[in-house]
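*Asks:* Mind having a look at this structure? Questions to follow.
The values are calculated or read from the model by the stated rules, or taken from the named source; none is laboratory data. Source: prediction; values computed, not measured. Reconstructed Cβ throughout: ideal geometry from the backbone, glycine too, with neighbour counts over all protein chains shown. Areas reflect the complete protein model, heavy atoms only, side chains present, ligands, DNA and RNA absent. Shrake-Rupley method; radii C 1.70, N 1.55, O 1.52, S 1.80 Å.
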Amino acid sequence: MSTIGHFINGSLVHDSERTQPVYNPATGQESARVALASRDTVERAIAAAEAAFPGWRETPPLKRAQVMFRYKQLLEQNAGELCGLITDQHGKVLDDAMGELVRGIEVVEYACGAPELLTGEHSKGVGSGIDAWSEFQPLGVVAGITPFNFPVMVPMWMFPMALICGNCFILKPSERDPAPALRIAGLLHEAGLPEGVFNLVNGDRETVDVLLEDSRVKAVSFVGSTPVAEHIYRTGTAAGKRVQALGGAKNHAVVMPDADLENAANALMGAAYGSCGERCMAISVVVCVGDATADALVGKLAEKLAALRVGPGRQAGCEMGPLVTAAHLEKVRGYVDAGIAEGAELVVDGRQLRVEGHEQGFFLGGCLFDRVSPEMSIYREEIFGPVLCVVRVEELGQAMALIDRHEFGNGTCIFTRDGEAARYFSDHIEVGMVGVNVPLPVPVASHSFGGWKRSLFGDLSAYGPDAVRFYTRRKTITQRWPSSSLREGTVFAFPTL
Ligand code: NAD
């Protein structure tokens, strides 16, 4: 059985003292093992990145961008293989894998604008004969730690922007589906990125601890669950690093009585059950305004769920694949049991689903709960599975108060035909990313991605303009070239221009 190793200084590296299994979620079989990097291996990666930094820092942004242009082409040429790798280790259906790859490539395209993104700010004549400018310098060695649910896209939220800013990067992907990230590392090398500028170490908490402790690592970008995000943020900032840590979510969709219900139901099916609910922007709660809205919507969703095609991600026509691991399947099933025990009404029960020929796969059918209330664990906690909860309220104000009280504030959306309600909602809601009749308002690459409240620790969001600020430090230079006509005597007062 193959062991998935690391990528350091332009070469594949194996250190197999500690390994753990990687599964194909559709069959439930172990398909490979992944190496868990030792302290020595992580330190080799940091040393390689540190050694590559002076050369990469001096490489003009235009040349850095040219690597990204070639990288984009290589990602597109190898899209079929990459999507297969994603599906075989994550489980999501091939179309969905392609969606994640395309959204990742969009960040690479944005990063191709490096010369424009790094132009800096210039003021001529701030004093007599004095000019001033601010430029954005790279930090040095920076690290990214990423979750299992987007094994290609989330790493690509980070490293294209970090690299074009002149940094050297170390990626620690999820140990549950590590193969796609290793493949995109190889493509970066093929695109002409100098050795050591990008390195990848596979591993777990022990591996991450080395990255957090080492003073050569200047900044850490993290995406994953909230408890780990908080731990990374506290530990990293205490060690003097710049940290952005994106955490979990519980995204609510509000459905108003005037909404086009057929449209809303179609949109909610994809947003709740796409990728088996394993998306940080998945809709996991629908807040229906009025009982009539709820009755009609629940009826439509139940009908559509009965027709949902669940099966292995490589099978044509499948709309939803399995969950990522057996442990995660058990956890999600546990929430369905808890919801029943807590008194919610299970309208559609996916627990009995059997996928013929894939009996050992980690499959769970789509589940739908109605009459969920805010004190229930299925409402409060992130389930990260194909479980949608319907909460009933009487008016928009109650829906908004519910959303504002929730600990997470990643994404939300409203379905309505009323412009005034939509504008009020998007203006006042305590959530970082808002959709109006758009169920998954994942910002495009030229806007940054980030939630509010306990969905993001740190001040700057991922990709887009915030990434340039996160991966650089501002330096401001004030310059005068003395000439005989401007010669001055000594001044002891604080200088004014
Ligand atoms: P996770 O927190 O278990 O793991 C994320 C990463 O952290 C992995 O690389 C893992 O190896 C590492 N890790 C795990 N425990 C650690 C520890 N104790 N110390 C140091 N490192 C540790 O998350 P996951 O299960 O892989 O991903 C799902 C979670 O990610 C969900 O909560 C989801 O909402 C969240 N997510 C958030 C966003 C966002 O943008 N806000 C995007 C995608 C996923």
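*Asks:* Give just the number: which of (1) without any contact (Cβ under 8 Å) to a residue 60 or more places away in the chain; (2) open to solvent by less than 10 Å² (accessible area, probe 1.4 Å) does Ala143 not satisfy?
*Replies:* (1)
*Asks:* Then there is this: Looking at Val434 and the list (1) farther than 23 Å from Ile170 by Cβ; (2) touching a residue at least 60 places away in the same chain (Cβ under 8 Å), which single condition is not satisfied?
*Replies:* (2)
*Asks:* Could you list all residues from region 416-447 that are buried (at least 21 other Cβ atoms within 10 Å of the Cβ) and among the polar types (S, T, N, Q)?
*Replies:* Thr416
*Asks:* Moving on. Sort out which residues of region 104-138 are open to solvent by 20 Å² or more (accessible area, probe 1.4 Å) and either closer than 30 Å to Glu175 by Cα or within 16 Å of the ligand (Cβ to nearest atom) (or both), and write them in order of number.
*Replies:* Glu106, Glu109, Tyr110
*Asks:* Tally time: how many residues in region 455-481 are more than 16 Å from the ligand (Cβ to nearest atom) and either of a type in the set (A, V, I, L, M, F, W, C) or farther than 30 Å from Gly129 by Cα (or both)? Walk me through how you get there before you give the answer.
*Replies:* Kept after step one, since they are more than 16 Å from the ligand (Cβ to nearest atom), are these residues of region 455-481: 465, 468-469, 471-481.
Of the ones still in play, those that are also either of a type in the set (A, V, I, L, M, F, W, C) or farther than 30 Å from Gly129 by Cα (or both) are 465, 468, 471, 477, 481.
Of the residues in region 455-481, 5 are more than 16 Å from the ligand (Cβ to nearest atom) and either of a type in the set (A, V, I, L, M, F, W, C) or farther than 30 Å from Gly129 by Cα (or both).
*Asks:* Something else about it: Looking at Gln20, Gln73, can you tell me which residue is open to solvent by 10 Å² or more (accessible area, probe 1.4 Å) and more than 18 Å from Pro173 (Cα to Cα)? Before the answer, list the steps.
*Replies:* Working: Gln20 fails: more than 18 Å from Pro173 (Cα to Cα).
After applying the criteria, what remains is Gln73.
*Asks:* Can you tell me which residues in region 86-103 are buried (at least 22 other Cβ atoms within 10 Å of the Cβ) and part of a helix (DSSP H, G or I)? Give the steps one after another, and end with the answer.
*Replies:* Restricting attention to region 86-103, the residues satisfying the condition of being buried (at least 22 other Cβ atoms within 10 Å of the Cβ) are 86-93, 96-97, 100-101.
Residues satisfying the conditions are Ile86, Thr87, Asp88, Gln89, His90, Asp96, Ala97, Glu100, Leu101.
Conditions (1) away from the ligand (no atom under 16 Å from the Cβ); (2) touching a Cys at 6+ places or on another chain (Cβ under 8 Å); (3) closer than 17 Å to Pro25 by Cα, marked per residue:
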position: Val355; (1), (2), (3): yes, no, yes
position: Gln360; (1), (2), (3): yes, no, yes
position: Phe363; (1), (2), (3): yes, no, yes
position: Cys367; (1), (2), (3): yes, no, no
position: Gly385; (1), (2), (3): no, yes, yes
position: Val390; (1), (2), (3): yes, yes, no
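*Asks:* Quick check on region 380-394. Is at least one of its residues charged (D, E, K, R), exposed (fewer than 15 other Cβ atoms within 10 Å of the Cβ) and under 30 Å from Phe363 (Cα atoms)?
*Replies:* At the first step, the residues of region 380-394 found to be charged (D, E, K, R) are 380-382, 392, 394.
Next cut, exposed (fewer than 15 other Cβ atoms within 10 Å of the Cβ) only: 380, 394.
Next cut, under 30 Å from Phe363 (Cα atoms) only: 380.
Yes, some residue in region 380-394 is charged (D, E, K, R), exposed (fewer than 15 other Cβ atoms within 10 Å of the Cβ) and under 30 Å from Phe363 (Cα atoms).
*Asks:* Hey, among Ala185, Ala162, Ala181, Ala191, which residue is without any contact (Cβ under 8 Å) to a residue 40 or more places away in the chain, of a type outside the set (Asp, Glu) and more than 9 Å from the ligand (Cβ to nearest atom)? Give the derivation first.
*Replies:* Working: Ala185 fails: without any contact (Cβ under 8 Å) to a residue 40 or more places away in the chain; Ala162 fails: without any contact (Cβ under 8 Å) to a residue 40 or more places away in the chain; Ala191 fails: without any contact (Cβ under 8 Å) to a residue 40 or more places away in the chain.
Step by step, each of Ala185, Ala162, Ala181, Ala191 is checked, and only Ala181 is without any contact (Cβ under 8 Å) to a residue 40 or more places away in the chain, of a type outside the set (Asp, Glu) and more than 9 Å from the ligand (Cβ to nearest atom).
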